[in-house]
Structure formats: structure tokens, C-alpha cells
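The values are calculated or read from the model by the stated rules, or taken from the named source; none is laboratory data. As the structure is a computational prediction, the values presented were derived from the model and not from experiment. Neighbour counts are summed over all protein chains in view; Cβ atoms, including those assigned to glycine, are modelled from backbone coordinates with ideal geometry. Quick note on the areas: whole protein, heavy atoms, side chains included, nothing else; ligands and nucleic acids left out. Shrake-Rupley method; radii C 1.70, N 1.55, O 1.52, S 1.80 Å.
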Amino acid sequence: MLSTVSLPSLPYVLDLAGTFVFAISGAMAGVRHRADLFGVLVLSFAAANTGGITRDLLIGVVPPGAINDWHYLAVSVAAGIMTFYFPSDIRRRWNPVLLFDAAGLALFAVTGASKALAHGLNPVMATLLGMLTGIGGGMARDILLAQVPTVLRAELYAVAALAGAAVVVTADRLQLPAGPQ
Amino acid sequence: MLSTVSLPSLPYVLDLAGTFVFAISGAMAGVRHRADLFGVLVLSFAAANTGGITRDLLIGVVPPGAINDWHYLAVSVAAGIMTFYFPSDIRRRWNPVLLFDAAGLALFAVTGASKALAHGLNPVMATLLGMLTGIGGGMARDILLAQVPTVLRAELYAVAALAGAAVVVTADRLQLPAGPQ
Amino acid sequence: MLSTVSLPSLPYVLDLAGTFVFAISGAMAGVRHRADLFGVLVLSFAAANTGGITRDLLIGVVPPGAINDWHYLAVSVAAGIMTFYFPSDIRRRWNPVLLFDAAGLALFAVTGASKALAHGLNPVMATLLGMLTGIGGGMARDILLAQVPTVLRAELYAVAALAGAAVVVTADRLQLPAGPQ
């Protein structure tokens with residue numbers, strides 16, 4: 001999946017970056033709800049990978065990248081352990097959970113849409129799929145904590161999703177490489 | 001998917017009708033919980049398409065119809081916008097959310113079971129799959145709002161599910177066209 | 001799937017055993033929340049089969065065993081009806097729900113990991129998949145009841161998951177039969 005260290009690997013790097021920020025948002029939510037380490041790691045992984053796994057299932061990539069490629073697990077666990085043992089440090093540096101969500105959403109909107117394009121979906125549905133998978137992680141995190149997902153209330157999400165979709169459409173128009181696979 | 005305008009398209013029309021009523025039930029629930037427009041649209045889409053997407057994943061139709069065919073998105077968004085901007089009108093005309101759930105459930109039980117039959121599942125498991133996917137939309141809506149799904153409490157659902165299953169079994173016995181695809 | 005009554009059927013039997021104990025835990029949770037019979041059966045099925053269905057979708061077994069093979073439905077419904085009509089009996093004999101969860105988790109960790117190994121995943125990700133699918137049932141049950149999943153709070157789960165994973169790794173090293181399929 002990262003066969004050559006060149007431009008085509010950009011979506012993959014963005015995917016791992018999105019995984020990292022979503023994992024932190026999941027872990028922080030877990031720490032706030034006083035989950036133990038195992039629970040924090042479950043939340044990290046769920047927040048970080050539900051979006052990508054859903055995307056891959058919907059476009060027929062089986063097993064999904066996050067299940068087949070250990071980098072996603074490693075990034076999620078690293079973010080979770082980091083957040084669990086240094087929660088105040090993490091919070092001090094990157095304060096708002098909402099910002100993490102928005103960043104992860106934008107990143108996953110990009111990689112989700114580009115991967116969907118690469119698998120033959122039309123631009124509109126690829127954008128939808130990017131957005132759907134982008135909001136999947138935050139939804140999974142909030143649902144696991146028995147809360148109404150932030151995405152249903154925060155306008156910031158719409159902006160982030162639109163930004164992500166705009167990047168994808170622009171990249172597609174400019175004929176930039178389109179998919180992580 | 002709607003290649004000729006003849007009897008075989010009936011399940012497809014029923015599927016879109018189920019999508020529409022579930023989208024309204026999702027949007028109404030969102031309006032009541034004071035979600036913004038984006039949140040209402042997410043709830044519309046989730047309530048309307050979680051059932052069908054789950055069904056398609058379970059029988060191996062990838063990408064699922066609701067991801068591949070823009071009509072599902074269009075119907076969901078239209079119902080969501082309609083409900084968001086005219087909520088009192090909608091409520092006045094079609095009052096009980098529960099009725100929408102039951103209607104959507106019955107419709108999806110029909111189309112889900114027939115599509116499962118068409119993909120080779122035996123009648124019993126096809127009925128189960130129809131019912132499972134029929135209750136998926138309402139479950140998704142309620143879970144997203146951090147509530148116990150109505151389906152766990154309301155007897156009406158069992159009746160609707162049985163009605164839907166009965167229609168499917170009857171249709172199958174009468175050799176009526178069996179699947180939307 | 002149970003073609004000969006020999007050693008290879010062990011994972012299948014363990015899978016049905018895990019289905020049974022998770023179905024009871026789902027049904028008991030439903031009874032405590034005063035769900036009707038239909039709701040209890042939905043919870044039984046969801047708790048018992050969400051893990052296995054998720055596992056099968058993730059490794060590309062479509063339709064998933066729990067959808068294709070009526071034994072899973074029969075076991076789930078039997079456990080649900082049993083628990084619904086004799087809840088105090090059931091509770092008296094097998095008291096702690098947490099124990100059922102742990103047992104189901106360990107069983108599914110075993111069968112999930114072995115099935116994932118059989119489908120070509122590497123040992124680390126197969127263990128993860130076993131654990132993921134093992135905790136899926138309890139998560140589904142708790143989420144359906146709008147509660148934070150026990151798995152995020154109870155250390156017992158980590159122990160059960162590790163035990164299950166250890167069994168799988170040991171079996172794999174000893175070249176015992178590895179998969180239910």
C-alpha cells in the first residue's frame with residue numbers, strides 16, 4: 001500500500017494522519033469519561049478506524065485497510081497510550097476535541113472521496129462517501145459514550161466536510177493521484 | 001436498476017418509498033432534538049438508508065444501492081429539507097413518527113426479503129434479513145439520538161414486520177417478481 | 001459447515017456456544033429494561049451475532065454465517081425465549097451478566113481469530129479481529145440500551161480477551177485446526 005515513496009502515497013499519509021487525530025479525540029473522550037486503559041484504546045481505535053473501515057466495506061475493499069494493515073492499529077494504540085498517560089499535556093497543546101474532529105473529518109473526507117473515486121463511484125456519491133466515512137469516527141466515539149454525536153449539532157462539521165470535498169474535487173480536476181490503494 | 005418501466009421495478013419504487021418515510025422520521029426526530037440542518041440531513045440519510053445499506057452488505061451487493069444510486073440520497077435530502085423547513089406542516093399531515101417507522105419497516109421488510117431471496121438466501125433467513133434491515137433505519141436514528149430504539153418497546157413493529165414478511169412470502173408463492181436488482 | 005462430526009467442527013461448536021451465552025446476556029439486559037418479547041429477541045440476536053457478522057463482513061465472508069446458517073438464529077431465539085419466560089431461573093443459575101459477556105468474548109475471540117487466520121490475516125491482526133468481534137456483541141447490546149458499553153469500564157474484558165487470544169495463538173502453534181469454515 002506504500003509501494004514507492006512518492007506522490008501516490010500522499011492519501012495514505014493523510015489517512016494515517018486522520019487516524020492519529022481521531023484516535024486522540026477518541027482517547028480524550030475516554031479519559032474524560034474515566035475509562036480504563038483498555039477502554040481508552042477501544043475508543044481510540046473505534047474513533048480512528050470506524051470511518052475508514054466503513055468506507056472500505058462500502059466500496060468492497062475486504063479486508064479493510066485498518067484490519068489488514070497494522071499501521072492503523074499502531075497509530076491508534078500509540079495515540080491512545082500517549083493520551084492516556086499524558087492527558088493534560090495533550091490537552092494543553094491541542095486543546096479542543098472539536099478541532100480534532102474537524103481535522104480528522106476533513107482528512108477522511110479527502111481520502112474517502114479519493115478512494116471512492118478510484119473504485120468507480122461518481123463524483124457526487126464519492127463526495128458523500130467521503131463525508132459519511134469522515135463523520136463515522138466521531139459518531140462511533142460519541143455513540144460508544146452514549147452521547148448524541150457532535151456532528152448533529154456543530155456547524156463546524158459542515159465547513160470541514162465541504163473543505164474536504166472541495167480539496168478532492170479540485171485534485172480530481174487537476175488530475176492529481178486519486179486513491180490510497 | 002430501473003431499466004424498464006414495468007412490474008419488476010415495483011420493489012425499487014417501494015424501496016424509495018421506504019427511504020422517503022424513514023427519512024422523514026429521521027428528520028422529525030432531529031428537529032425535535034434541535035439539530036441544525038446538517039444534523040437533520042445526517043439523521044434523514046441514516047434513518048433512511050442504514051437498513052438498505054446493511055442489507056446490501058450482508059448479501060454482498062457492493063457498493064450498496066444507497067451509495068451507488070443517487071436517488072436514495074436525493075430522496076433522503078429532499079425529505080430532510082422538507083421536514084426541516086416545514087416541520088409543523090409535515091407533522092400536521094402525517095402525525096405519528098411511529099406510523100412512519102412502521103410503514104418504512106413494512107416496506108423495507110418487503111424489499112429486503114425479496115432482494116435476499118433473489119440472492120439465494122432461504123425463505124426463513126430472507127424474512128429475518130428483511131426484518132433486520134427494516135428495523136435498521138429506526139435503530140440508527142434512535143441510537144444517534146442516544147435513545148433506546150423504539151423497536152425494543154413498541155409491539156406495532158412486530159405487526160408491521162409480520163405484515164411485510166407475509167407480503168413477501170405470498171409474492172414468492174405467487175411467483176411475482178422478487179427483487180429490486 | 002458441519003460436514004463431518006470431527007475435530008474441525010470444534011470452532012463451529014464454540015461459535016454457537018458463544019452465540020448462546022451472548023444471546024442470554026442480551027435477553028437479560030432486555031428483560032431488565034422491560035422490553036417486550038420482540039425487543040428481547042432483537043437484543044438476543046444483536047448481542048449474539050453482531051460480533052460474528054462484523055467479523056465475517058471484515059474478512060469477506062458474505063453472506064455472514066449468522067445470516068446464512070439458521071442455527072445462529074435458532075440458538076439466539078431459543079436463548080431469548082428461555083430468558084424472557086424464565087428470567088429468574090436463568091438468573092439464579094448463571095448469575096452475573098458480566099460473566100456471560102466474558103465467556104462470550106473469550107469464545108468469540110477464539111473463533112474470530114481462528115477464522116481470520118484461516119482467511120489469511122497475519123497473527124497480530126487476527127488477534128485484533130478476534131477481540132474486536134468478541135466485544136462487538138456486548139457493545140451492540142449496551143448501545144441498543146443507550147448505555148456506555150461495559151467493555152470500556154471492566155478490566156475483566158481485557159483478561160478474557162487475552163485468554164481467548166492466548167488459546168488461539170497456542171492452537172495455531174500446535175497446528176490444531178484453525179477455522180470454522
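What the table below lists for this structure:
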| quantity | calculated |
| --- | --- |
| Net charge over other residues, Cβ less than 11 angstrom from the Cβ of residue B:30 (K, R count +1; D, E count -1) | +3 |
| Point-to-point label distance, residue A:78-residue A:10, nm (Cα→Cβ direction, 7 Å offset) | 2.2 |
| Filtered trypsin sites (Lys or Arg not before Pro), segment C:26-73: DSSP coil and at most 11 other beta carbons within 10 Å | C:34 |
| Shielding score for A:26-39, defined as the mean number of other chain Cβ atoms within 10 Å | 3 |
| Peptide A:67-80, shielding by other chains (average Cβ, 10 Å cutoff) | 2 |
| Heavy-atom accessible surface that B and C bury in contact, both chains counted, 1.4 Å, Å² to 100 | 1900 |
